[in-house]
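The next block holds one structure in the form of structure tokens; read it before the comments.
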Amino acid sequence: MSQQPVRDNRAEQELELDADGYRAIAAYQREGGVIVFTHTHVPRAIEGRGIGGRLIRAALDAARDEGLKVVPQCPFVAAYIERHPEYRDLLVRK
């Protein structure tokens, strides 16, 4: 599996990660100082190889670097944050 960098496609509001000819995406919407992750898609052909986790880790690291708070509407992103408590400080508190 080739290791490609995660790209921020701001025009499409998607973070993208290519692997073995497939593209995984994390869709988002930015609202001021908040980023809302709305959907994550990893093609079936590359599931189970850590692609989604790598994509979301990069997304959350980028949010932290930019000083953004996170709303994980996407269940995959919410589950990732639940499993990785070092990212819980990014969550918007209600």
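Values in this text are rule-based calculations from the coordinates and carry no lab data. Remember, it's a predicted structure, so these values are computed and weren't measured experimentally. Cβ placement follows ideal geometry from the backbone for every residue including glycine, while neighbour counts extend to all protein chains displayed.
Descriptive notes on the structure:
- The chain - Rg (one decimal) and Dmax (whole number), Cα, Å: 12.6, 40
- Size of electric dipole in the chain: Cβ of Lys, Arg +1 and of Asp, Glu -1, about Cα centre, debye, nearest 20: 260 debye
- Over all other residues within a Cβ to Cβ distance under 9 Å of Ala26, the charged ones net out to -2, with Lys and Arg as +1 and Asp and Glu as -1.
- Estimated from helices alone, the mean residue ellipticity of the chain at 222 nm is -8000 deg cm²/dmol (sum of -39500 (n - 2.57) over DSSP H runs with n ≥ 4, per residue).
- Here the 3J(HN,Hα) profile of the range 34-40, calculated from phi with Karplus coefficients 6.51, -1.76 and 1.60 at θ = phi - 60°, is 10, 10, 9, 8, 9, 6, 10 Hz, Gly and Pro shown as x.
- Between Ile35, Ala63, Ala19, the Cα set farthest toward the positive side of the dipole of the range 7-89 (charges on each charged residue's Cβ, about the Cα centre) is that of Ala19.
- Under 14 Å, Cβ to Cβ, from Asn9 - net charge with Lys/Arg +1 and Asp/Glu -1: -1
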